[in-house]
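Notes follow the structure.
The values are calculated or read from the model by the stated rules, or taken from the named source; none is laboratory data. Small disclaimer: the values here were computed from a predicted structure and weren't measured. Note: ideal-geometry Cβ built from the backbone for every residue, glycine included; neighbour counts use all protein chains shown.
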Amino acid sequence: MRVTPGQWQVLRRRFNHDWMQNRYLPWLATYLNLLEDRQHYQEYTADFDRLVLEEWRQHSDDADALLESFFREMAPSFLFAGGPLRVGGTGYSWVASVADALWRARLRAPTLLDDARRALVQAKKRFSFLAAACDDGVLPEDGERRTRVAEELRSFRDCCEQLGGAVSALPELIRVT
């Protein structure tokens, strides 16, 4: 049985596809190219703080909320609690428990969620290093500080790519098999 996308799936799409994959990672790549002198779009340098630092600060909370709500909204017990498989009375609560246990085992849901949480922790850690490296929110013009910011930005981008992959690996549909 499959259920059409609900709130969790919408939030996942907005965070991972709409923002992370299609907006944020391309911006990170643009700024990395600027720092490594592979692009010369100086008009973007003034927006680094807004497009990289502030965007992450706003959306990292979305990632926390998304991962926190995964089991509550994607486990099959959701369907038994108020969805199309709703069962009345307390005598059938074991059905939801069995469905959840099978779902967790077959889809490796706990492992996939742990992977996503670890990726988010790493991204937050790398972001703190990046933010510290560019303490004024402006891209450095040249020198050792520019190299350090480029290294931190590359590490942060890699963590964001891992986070995006980990969120993509989470089941997107509620399945009862």
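Overview of results
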item: Residue satisfying condition, being in a helix (DSSP H, G or I), modelled with pLDDT of 80 or more and β-branched (V, I, T), within set T45, T111; result: T111
item: Cβ pairs under 8 Å, 6+ apart, first in segment 153-177 and under 17 Å from L51 (Cα atoms) and aliphatic (A, V, I, L, M), second at pLDDT 85 or above and crowded, with 17+ Cβ neighbours inside 10 Å; result: L153/L28; L153/Y31; L153/L32; L153/V52; L153/L130
item: Some residue of segment 68-90 being surrounded by fewer than 16 Cβ atoms within 10 Å (Cβ to Cβ) and at pLDDT 85 or above; result: yes
item: Conditions (1) modelled with pLDDT of 85 or more; (2) crowded, with 17+ Cβ neighbours inside 10 Å; (3) within 25 Å of F78 (Cα to Cα); (4) hydrophobic (A, V, I, L, M, F, W, C); number of the one not met by A96; result: (1)
item: Pair list, Cβ under 8 Å, 6 or more apart: segment 26-37 residue under 14 Å from E55 (Cβ atoms), other residue loosely packed, with under 15 Cβ neighbours inside 10 Å; result: T30/Q39; T30/Y41
item: Inter-residue pairs, beta-carbon under 8 Å, first over 16 Å from L51 (Cα atoms) and touching a residue at least 24 places away in the same chain (Cβ under 8 Å) and in segment 11-23, second acidic (D, E) and in a helix (DSSP H, G or I), 6+ apart; result: L11/D62; R14/D62
item: Residue count for segment 121-146, restricted to those that are buried (at least 17 other Cβ atoms within 10 Å of the Cβ) and small (G, A, S); result: 3
item: Set D18, D37: member being modelled with pLDDT under 85, out of contact with any Lys or Arg (no Cβ under 7 Å at 6 or more places or on another chain) and acidic (D, E); result: D37
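For every residue, the table says whether it meets (1) farther than 23 Å from A29 by Cβ; (2) surrounded by fewer than 19 Cβ atoms within 10 Å (Cβ to Cβ).
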site	(1), (2)
D114	yes, yes
A119	no, no
R148	no, yes
G164	no, no
A169	no, yes
